[in-house]
Structures are given as structure tokens and as C-alpha cells.
Amino acid sequence: MTGRSDPASRRGEDLRYWLAAQRGPLIAAGLFAAMFALFVTEHPAGLSASVVNTAANKGVLLALVAIAQTFPVVTGGLDLSVGSVFVLANCLASAVVAGTSLQVGLGVAGVLACGVSCGALNGVVVVFGRLQPIIATLATGAIYGGVALWLRPTPGGAIDEDFADLLTGSAGELVPVSLLVLAAAVLVIWVPYRRSAVGRAAYAIGSSEQAAYMSGVPVARAKFVAYLLAGLFAAIAGLLLTCLTDSGEANAVLGGSYTLSSVAAVVVGGTSLYGGSGGAIGTLFGAFVLRTIGDLLFVFDIDALSQPLFLGVVLLVSVSLGSFRLLRVTRRLELYR
Amino acid sequence: MMQARSGRVDKALVAAAGCIVALVVAGGLYDRNFLSPAYLLQQLQVAAFLGVVATGVMLVVVLGHIDLSIPWVVTIGGMMATAAAGRGGWASGLAIPFAVACGVGIGIGNGFGVAYLRVPSMIFTLATNAIAQGLMVIHTGGFAPEDRATPAMHFVAVERSVLGIPNAVVVWAVLGAAVVGVLRRTSFGRRIYAIGNSERAVYLSRGNVRHVVVACFAIAGGCSAFAGVLLAGYASKAYQAMGDPYLLPAIAAVVLGGTPILGGRGSYLGTIAGVILVTLLQSMLSIVQMSEAGRQVIYGAVIILMLLVYGRGAKVVT
């Protein structure tokens with residue numbers, strides 16, 4: 001008998017294990033808390049509902065797209081079309097979400113269904129076409145961008161005002177509704193997904209696809225569902241964007257920058273690009289961290305011309321922080337794949 | 001993955017070449033001008049810019065990495081060359097080497113992050129791209145720089161010195177020949193393929209993985225910057241985001257040319273075919289007055305279809 005059977009020490013061990021597994025998300029959350037505290041203390045208006053609301057709306061947009069990116073990344077894949085689906089959903093929402101409340105409801109359902117179909121097409125191409133996700137989603141991203149441009153050759157359109165006010169306002173003059181939407185999306189979709197068989201399968205595939213296959217894990221189904229849910233989350237983000245801008249624009253540059261920022265947010269949130277670890281909660285804080293950097297540069301009155309450089313340097317430093325793990329590597333062979 | 005080197009036809013190369021022929025024939029049936037040497041030479045000249053970028057991309061992809069810093073390294077190449085040209089005197093004579101050196105410098109930074117810090121190349125090069133963008137925004141002050149291309153840049157990018165062949169194509173051919181020589185005849189070249197297959201095996205056989213990785217990223221940075229020089233010479237100016245339209249087509253060209261995105265294999269001949277294919281596809285879709293929306297959809301669909309024909313991964317069975 002060793003000390004391991006002692007319940008107290010086992011609890012301690014569980015806690016240590018949990019802390020080790022959640023280190024990435026915890027660091028991202030702590031970083032965000034510190035940065036946001038700095039932001040509101042330096043902001044001339046202080047902690048007011050409107051300051052929080054503006055910051056939340058920007059952060060939630062990226063958080064939703066980045067969570068979309070998290071699903072395929074966990075399986076060891078990647079979805080470079082999330083930005084295009086985001087823009088496509090924006091263009092579609094600017095056209096169909098209007099009219100009576102029933103029509104608005106149907107329009108929202110249509111936008112979400114569009115996102116799911118885009119995700120499903122990605123899933124089919126990657127899983128059944130057996131193409132590499134990077135290049136396959138690059139190509140499908142071009143297709144979705146083209147469809148968005150076909151829907152909205154020039155910027156325009158509008159979204160139902162009541163619906164837009166509902167989603168971009170603050171509940172009880174305090175909590176931004178967009179934040180509640182994000183929380184609901186995480187609680188209703190991510191948490192059950194993470195605990196389901198396909199969710200666990202996604203992590204198993206990310207760790208080792210061959211081992212997962214040999215253990216009878218439903219590899220094809222889990223990968224397909226991951227791309228499908230990525231499309232859904234990107235569409236939710238596109239819907240929210242339409243509420244914020246009250247128009248639709250097939251902006252390929254915006255889509256591209258969201259795609260790239262989503263990958264950065266995933267990494268900052270502690271999810272490995274090699275798959276098998278991390279999750280949506282870390283990504284959420286990763287996205288908030290990236291957005292707060294921009295806000296901080298604003299309140300500290302950094303020269304507008306130097307802001308892009310600052311953003312780049314912060315991004316470079318934050319992705320390089322993971323290299324501290326190299327100091328613990330004792331066998332040099334472990335450094336190589 | 002060992003493959004018999006002789007007596008085996010490169011499937012990707014044949015498919016890409018077949019598609020090129022099909023495109024030219026289809027174009028010729030639509031309009032005889034598509035078959036004119038003037039049009040085809042013009043396409044080759046445009047392809048040369050993409051070809052120079054794709055050369056660096058291919059080396060990095062064979063390693064099993066990816067370089068997302070291309071857009072702003074291309075822009076840096078163009079802007080640094082025109083900035084040097086704007087100073088006049090001896091500085092304008094050094095415009096081209098200076099611009100390429102800037103690209104090599106960023107490439108070395110990329111290589112350091114990937115090889116020594118072990119950050120995944122996708123995210124590290126993304127960050128260096130952001131930094132390159134930040135540097136150029138400061139350099140230009142947010143405005144279009146009022147610099148011009150030097151005569152030398154104009155000469156390489158636009159003029160046709162020998163038999164009407166654009167100099168840019170000659171430059172691409174020389175660069176390509178050098179890369180083929182390095183890949184096939186030097187231990188450095190063989191190590192690039194070896195690292196793409198197994199870094200560990202190269203490390204255990206006393207190959208210096210890190211030096212090779214840094215060198216490849218440095219070459220890729222130099223190629224991108226040089227493409228920026230060519231573009232600036234072609235357009236007689238450098239402008240913000242001039243490199244944006246080159247990232248995805250370059251990666252698509254390399255992959256359509258038969259280099260798997262996971263690395264370890266691939267021939268430069270295939271990359272050439274991929275570059276020409278992508279350029280022809282873009283050009284023809286714009287000439288038949290297809291709307292931008294339709295062009296993007298067809299462009300994406302063609303890439304997917306071609307890859308479904310020959311770029312599929314192995315089925316997981318064990």
C-alpha cells in the first residue's frame with residue numbers, strides 16, 4: 001500500500017493533474033483579467049455599461065469564430081474557411097433576417113443552416129474526400145467567399161432592428177447580451193459536445209488518429225461533426241456581426257483576418273495546433289486577450305501608426321511563451337517530430 | 001515513404017500538365033487569341049512572379065512547414081527596393097540586393113522561431129507577417145510611398161532582352177534550375193526531403209535539422225522579397241497589401257503540383273506546372289468576363305476537384 005490510496009492525497013493529485021491539463025486556459029484567463037482590469041482603470045469613462053458592451057461585442061465576435069476554429073484543431077485539423085463562412089453568414093443575414101417575428105425566426109434558422117451546410121461540405125471533403133484540411137478548406141473558403149459576393153455584390157442590406165437591438169444591447173443595463181449569447185452557445189453546444197462520445201473521440205483523434213481508429217473510435221463521424229459545428233459557430237458570429245453593422249458586405253479581407261486571428265486565439269488560449277488538447281473555454285479567453293490588446297493600445301494613446309507593430313510583437317511574444325517548455329526537455333530527441 | 005524513382009510517372013505532374021493543355025485548348029476554342037504567342041508569353045511573365053514566390057513556398061512545404069508571412073514579405077521587398085531607389089545615387093544601385101536581404105532577414109527570424117523555439121510554423125509566420133505589416137505601416141506613414149522603381153528593376157520585371165522572352169521568365173528559370181540542382185544534387189537538398197519525412201531520423205543520423213530549417217525559411221523569405229521587387233518593377237511602384245493576392249495561389253500551386261502539404265515529397269517540375277495552371281485559370285476566368293463571384297467559386301471548385309483526382313490521403317486502416 002502506498003500513499004496513493006489515501007483519498008486526501010488522491011484529491012491533491014487530481015487537482016494537480018487538472019491544473020496541468022488546464023494550464024493554457026488558466027493562463028489566458030488570468031492574462032485577460034489583468035489586461036481588462038488595466039483597460040477599465042485607464043479608460044476615461046471607467047467601468048460603465050457602454051464601455052463593457054462595446055468591448056464585449058468586439059470580443060464575442062472573435063471568440064465565436066475562434067471557437068469554431070477550435071473544433072477542427074482539437075482533431076488535429078484546421079479550418080481556413082471559418083472567416084469566409086462568417087462573411088457569408090453576414091451577407092445572408094443582411095438579406096433574410098427581416099419582416100414579421102416569424103420571418104425573422106426563419107431567417108435566423110436559415111443563416112444557421114447555411115453555416116451548418118458549409119461546415120458539412122468541409123467535413124465531406126476532408127473526411128470522405130481524404131484531402132488535407134489546410135488546403136481543402138482554403139479552396140472551400142474561396143467558394144464560400146464567391147457565394148457571399150454573389151449574394152452581396154456591393155455592401156448593403158439591413159437586419160431587423162428589434163432583433164439587432166436585442167442582441168447588441170445590455171440585459172438589465174449591465175450584462176451585454178452578446179456575452180450571454182456566447183455563454184449560451186458554449187453551455188448548450190460546447191459542454192455537451194465535450195462530454196459526448198464524438199467529443200471525446202475528437203480529442204482521441206487529435207492525440208493519435210491511428211490509435212483512435214484501432215480502439216474503435218468513430219473517427220469519420222467525429223471529424224465530420226467537428227467541421228459541421230465549426231460552420232455553425234462561424235454562422236452565429238456572422239449573425240452577430242450583421243446585428244452590429246446593420247449591413248452585409250462580402251469583405252474577403254475581413255474574412256481572412258478573422259480566420260488568421262482565430263488560429264492565433266486558439267493558440268493563445270492553450271490549444272495545441274497538433275490537436276488532442278485544449279478547448280473552447282481557453283479559446284474564448286484567448287480571443288478576449290487578443291481583442292483587449294487593441295483596446296489597451298487605444299487607451300494608452302499609442303500612436304495609431306505603431307499599433308499594428310505592437311499587435312504583431314505581442315502576438316509573437318505570446319505564441320513564443322510556450323517555448324519555455326523546451327527548458328524542461330531532457331532528451332534532445334524529444335524536440336524533434 | 002520510398003518510391004521507385006525510375007520508370008514511374010509523376011501522377012500529379014501528368015494531371016497538372018493535362019489540365020494546362022485542356023485549359024489552353026478550351027480557351028482556343030472560345031477565342032483564337034488564347035493561342036497567340038503574345039498572350040501565352042504574357043501569361044508566362046505573370047506566372048513568373050507567382051513562380052518565384054512558389055519556389056520558396058515549395059521548399060518550406062517539403063520540410064513539412066508552411067510560411068504565412070508571404071504577403072507582407074512580398075510587400076517589404078517591393079517597398080524597400082523602391083525606398084532605396086528613391087534615395088538615388090549608390091543606394092538605388094543596391095535596391096534589389098537590399099530588398100532581398102530584408103526578406104532573408106525575416107526568413108531567418110521565421111526559421112529561428114520554428115527550428116529553435118519550436119513554435120508551429122503556421123502561427124509563428126503569422127506573427128512575423130503581422131510584424132512585417134506593422135513595420136511597413138510605420139515606414140509609409142499610412143500613405144502610398146512616393147518612390148519609383150530603378151531602371152534595373154524595370155529591366156528584370158518588364159523588358160524582353162532575348163528573343164522576346166520576358167526577363168522575368170528567364171530569372172524564374174535560372175532560380176528554378178538552381179533549386180532543382182540543390183534539391184537533387186546536394187546533401188542539403190536531400191535533407192530537406194528527409195526532414196519532411198522524419199525530423200527524428202535526420203537528427204539521429206547527425207543531420208543538423210535546425211540549420212536546414214532556418215536556411216529554407218531564409219530562402220523562402222528571399223524569394224518572396226524578390227517577387228516583391230519584380231512586382232514593384234512591373235507596376236513601377238510599391239503599395240500596401242501588394243502581396244496579399246500571392247499567399248493562397250502560391251500554396252495552391254505547390255499543392256496542385258503534387259507536393260503534399262505535409263511535406264516529404266514533391267518535384268519542382270510539378271510546382272512549375274502548378275504555377276502555370278493557377279495563372280492560366282485566373283487569367284481565363286477573368287477574360288471570359290465571369291463575375292468575381294463566379295471566378296472564386298470555380299477557382300475553389302477546380303482545386304478541390306483536382307485534389308480529389310490525385311491528392312487524396314491514404315486511408316487509415318491500421
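Per-residue HN-Hα couplings for the stretch B:188-198, Karplus 6.51 cos²θ - 1.76 cosθ + 1.60 at θ = phi - 60°, whole Hz, x for Gly and Pro?
The phi angles translate into 4, x, 5, 5, 4, 5, 4, 5, x, 8, 7 Hz.
Could you size up the charge dipole of the stretch B:11-310 around its Cα centre, putting +1 on the beta carbon of Lys and Arg and -1 on that of Asp and Glu, and report it in debye to the nearest 20? If you can, show how the numbers build up before the last one.
Details: 16 positive and 8 negative charges, 184 e Å.
Charge dipole of the stretch B:11-310: 880 debye, to the nearest 20.
In peptide A:127-139, how many Cβ atoms from other protein chains are near each Cβ within 10 Å, on average?
On the way: counts 0, 2, 7, 8, 9, 8, 1, 6, 12, 8, 0, 9, 12.
Across the residues of A:127-139, the mean count of other-chain Cβ atoms within 10 Å is 6.
Assign one of three labels to the stretch B:139-208, namely rounded, prolate or oblate, based on the Cα gyration tensor with a ≥ b ≥ c the square roots of its eigenvalues; rounded applies when a/c is under 1.5, prolate when it is not and a/b is larger than b/c, and oblate otherwise.
Details: a/c = 5.05, a/b = 1.75, b/c = 2.89.
Cα axes put the stretch B:139-208 in the oblate bin.
On a C-alpha basis, how far is the centre of the stretch A:184-206 from the centre of the stretch B:58-83 in Å? Whole number, if you could?
For the stretch A:184-206 versus the stretch B:58-83, the Cα centre distance is 37 Å.
Please turn the phi angles of the stretch A:159-173 into ³J(HN,Hα) values with the Karplus equation 6.51 cos²θ - 1.76 cosθ + 1.60 (θ = phi - 60°), one per residue in order, whole Hz, x for glycine and proline.
10, 3, 5, 4, 4, 5, 4, 4, 7, 9, x, 10, 6, x, 6
Suppose every K and R has +1 on its Cβ and every D and E has -1 on its Cβ; what is the size of the dipole of the protein assembly as shown about the Cα centre, in Debye to the nearest 20?
Here the size comes out at about 3040 debye.
Show the residues, 5+ positions off or on another chain, whose built amide H is closer than 5 Å to the amide H of residue A:170.
Residues meeting the amide H criterion: A:177.
Going by average Cβ density within 10 Å per residue, which order do the peptides A:14-22, A:265-273 take, highest to lowest?
On the way: A:14-22: 11.0, A:265-273: 26.6.
Descending packing order for the listed peptides: A:265-273, A:14-22.
As a check on your grasp of the helix formula, calculate [θ] at 222 nm for chain A: sum -39500 (n - 2.57) over DSSP H runs of n ≥ 4, divide by the residue count, round to the nearest 500.
Working: 15 runs with 235 residues, N = 337.
Using -39500 (n - 2.57) per qualifying helix, the result is -23000 deg cm²/dmol.
First check a/c for chain A, with a ≥ b ≥ c the square roots of the eigenvalues of its C-alpha gyration tensor; if it is under 1.5, answer rounded, and if not, answer prolate when a/b is larger than b/c or oblate otherwise. Could the numbers behind the result be given before it?
Working: a/c = 1.66, a/b = 1.24, b/c = 1.34.
Oblate.
When you count, for each residue, the other Cβ atoms within 10 Å and take the mean per peptide, how do B:53-60, B:267-274 rank with the highest first?
On the way: B:53-60: 29.9, B:267-274: 24.5.
Packing order, densest peptide first, comes out as B:53-60, B:267-274.
Springs between alpha-carbon pairs under 10 angstrom, Gaussian network model over chain A: which of A:98, A:237, A:280 fluctuates most?
Per the Cα network of chain A with a 10 Å cutoff, A:98 tops the list.
Which whole number gives the average count of other chain Cβ atoms within 10 Å of the Cβ atoms across peptide B:188-199? Mind dumping the intermediate values first?
On the way: counts 0, 0, 0, 0, 0, 0, 0, 2, 0, 0, 2, 4.
Counting Cβ atoms of other protein chains within 10 Å of each residue's Cβ and averaging gives 1.
Residue by residue through the stretch A:77-88, which ³J(HN,Hα) values in whole Hz follow from phi under the Karplus form 6.51 cos²θ - 1.76 cosθ + 1.60 (θ = phi - 60°), with glycine and proline marked x?
Using θ = phi - 60°, the values come out as x, 6, 10, 7, 9, 4, x, 5, 5, 4, 5, 4 Hz.
Cut-off 10 angstrom, C-alpha nodes, Gaussian network model of chain A. Which of A:327, A:61, A:92 fluctuates the most?
Greatest mean-square fluctuation among the candidates belongs to A:327.
Ratio of Rg to Rh for chain B, alpha carbon only, Kirkwood? Display every interim value, and only then the final one.
Details: Rg = 19.6 Å, Rh = 20.2 Å.
The Rg/Rh ratio comes out at 0.97.
Partner chain Cβ atoms within 10 Å, averaged over the residues of A:266-274 - can you pull that number for me? Please report the intermediate quantities before stating the final value.
Numbers: counts 1, 7, 1, 0, 0, 0, 1, 5, 1.
Mean partner shielding for this stretch: 2.
Place +1 on the Cβ of every Lys and Arg and -1 on the Cβ of every Asp and Glu in the stretch A:11-156, take the dipole about the Cα centre, and give the residue among A:48, A:25, A:144 whose Cα lies farthest towards its positive end.
Sorting the options by dipole projection puts first A:144.
Work out the length of the dipole vector of chain A about its Cα centre, built from +1 on the beta-carbon of each Lys and Arg and -1 on the beta-carbon of each Asp and Glu, and round it to the nearest 20 debye. Before the final figure, lay out the partial values.
Details: 19 positive and 17 negative charges, 364 e Å.
In total the dipole reaches around 1740 debye.
Per 0.36 nm of contour for each residue apart, how much would the distance between residue A:330 and residue A:173 grow if the chain were fully extended, relative to their Cα-Cα spacing? Don't skip to the end; give the middle numbers.
On the way: separation 157, 0.36 × 157 = 56.52 nm, distance 5.43 nm.
Length gained between residue A:330 and residue A:173: 51.1 nm.
Which residue, A:85, A:174, A:268, has the largest displacement toward the positive end of the dipole of the stretch A:52-299 when charges sit on each Cβ (Lys, Arg +1; Asp, Glu -1)?
Result: A:268.
Mean-square fluctuation check for chain B, GNM, Cα pairs under 10 Å: which of B:45, B:289, B:240 is largest?
B:289
Positive end of the dipole of chain B, charges at C-beta (+1 Lys, Arg; -1 Asp, Glu), about the Cα centre: which of B:290, B:109, B:92 has its Cα farthest in that direction?
B:109
Since every read-out is calculated from the coordinates, none of them should be taken as a lab result. Predicted model, so just to flag it, every value in this text is computed and none were measured. Note: ideal-geometry Cβ built from the backbone for every residue, glycine included; neighbour counts use all protein chains shown.
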